[in-house]
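This report concerns only the one structure given below.
The values are calculated or read from the model by the stated rules, or taken from the named source; none is laboratory data. Since we're looking at a predicted model, the values are computed, not measured. For neighbour counting, all protein chains shown are included, and Cβ atoms are generated from backbone atoms with ideal geometry for every residue, glycine included.
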Amino acid sequence: MSEKDPRPVCLTIAGVDPSGGAGVLADIKTFSHHDCFGTGAITSLTFQNTTGVFGAATQSAEVVYKQIKAVAEDMEIAAVKTGMLPTLEVIDAVAESIGEFRLPNVVVDPVVRATSGFDLIDDQALSALVENLFPLSTVITPNLAEAERIVGCAIRSLEDLANAGRKMRALGAGAVLIKGGHSFEQVTKRAVDRLFLENGMREFDAPFIDGEPVHGTGCALSSAIAANLAHGKTLIDAIADAKDFVSRGIQNARMVGQGNRPVNV
């Protein structure tokens, strides 16, 4: 019998960006970089490239569930990352799967609102995400726009951000990492992400990298956190390593198309 692969297995449950900058394809590359074996369940086939998103074909809840079931019954999954979960039914199927197969180290990237402010899922789906998936999470990783949508309040200050973090923990999230704190650090040119835990808040600080927009940083961060958790790192160490990884990916991003550069993972 062949020797078993020693790498931990990570599962991404997300959409496909055919240009490879975000979603399942970016997650798999991130898992591989962190010496994990990557698997994936596809929730949506998007039509996008480096210049924009032009549409999507959403998968049914049954299709998503059967993908997760097939992997979970065959392999020992060490960590899960969720990304684009486009409908109430898909969210319910993912939550059911995580519970049924006792999937550990769940990193929820709540893709609910684009940075531009465009809502990506409806209010019913958002409620299902909060009620059914947050309580199963090890950590959720919203950006500022997503955090505003989830808590229903504008975030214009560090006090607002702290209140949002506490509210999301109260909604059931195991821990809350709010990305995009650089909006408040423009003077000092620092990029600060803030992790809200039961016993307080931790900051993860890195230099703010000026330049053209880079696509896929949120996917890379959440999947890197999942990969680090799969290797047995603490949540604090998993996030610190993931932030360094994404910072290097931004610094080394290269133009491959005619729009935004994808993060270099």
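Worth a mention:
- Filter result for Thr138 (hydroxyl-bearing (Ser, Thr, Tyr) and either at pLDDT 95 or above or under 18 Å from the mean Cα position of the chain (by Cα) (or both)): yes
- Conditions (1) charged (D, E, K, R); (2) within 14 Å of Val107 (Cα to Cα); (3) at pLDDT below 90; number of the one not met by Lys233: (3)
- Which listed residue, of Asn143, Asn105, is at positive phi, buried (at least 21 other Cβ atoms within 10 Å of the Cβ) and of a type outside the set (D, E, K, R): Asn105
- The residue list Leu136, Leu120, Leu126 contains one member that is in contact with a helix residue (DSSP H, G or I) (Cβ under 6 Å, 6 or more places away or on another chain), without any contact (Cβ under 8 Å) to a residue 60 or more places away in the chain and either more than 23 Å from Val192 (Cβ to Cβ) or among the aromatic types (Phe, Trp, Tyr) (or both), which is Leu136.
- Cβ-Cβ under 6 Å pairs, at least 6 apart or on other chains, segment 51-68 side free of Cβ contacts under 8 Å to residues at least 12 places away in the same chain, far side surrounded by fewer than 18 Cβ atoms within 10 Å (Cβ to Cβ) and aromatic (Phe, Trp, Tyr): Phe54/Phe47; Gly55/Phe47
- Boolean, Thr87 is surrounded by fewer than 21 Cβ atoms within 10 Å (Cβ to Cβ), touching a residue at least 60 places away in the same chain (Cβ under 8 Å) and out of contact with any Phe, Trp or Tyr (no Cβ under 8 Å at 6 or more places or on another chain): no
- Among the conditions (1) modelled with pLDDT under 90; (2) within 23 Å of Val256 (Cα to Cα), Thr217 misses just one, which is (1).
- Condition met for Arg156 (modelled with pLDDT under 95, touching a Lys or Arg at 6+ places or on another chain (Cβ under 6 Å) and over 22 Å from Ser247 (Cα atoms)): no
- Looking across segment 222-236, the residues that are part of a helix (DSSP H, G or I) and closer than 12 Å to Leu195 by Cβ come down to Ile225, Leu235, Ile236.
- Segment 232-265, residues that are crowded, with 17+ Cβ neighbours inside 10 Å and of a type in the set (Val, Ile, Thr): Ile239, Val246, Ile250, Val263, Val265
- Any hit, segment 216-236, residues being of a type in the set (A, V, I, L, M, F, W, C) and farther than 23 Å from Gly15 by Cβ: yes
- Qualifying position, being in contact with a Leu (Cβ under 8 Å, 6 or more places away or on another chain), farther than 14 Å from Ala61 by Cα and among the hydrophobic types (A, V, I, L, M, F, W, C), among Ala128, Ala79: Ala79
- Restricted to segment 1-71, the set of strands (runs of 3 or more DSSP E) holding at least 2 residues that are surrounded by 22 or more Cβ atoms within 10 Å (Cβ to Cβ) and in contact with a Lys or Arg (Cβ under 8 Å, 6 or more places away or on another chain) comprises 9-16.
- Residue within segment 196-217 that is closer than 25 Å to Ile77 by Cβ, part of a helix (DSSP H, G or I) and touching a residue at least 12 places away in the same chain (Cβ under 8 Å) present: yes
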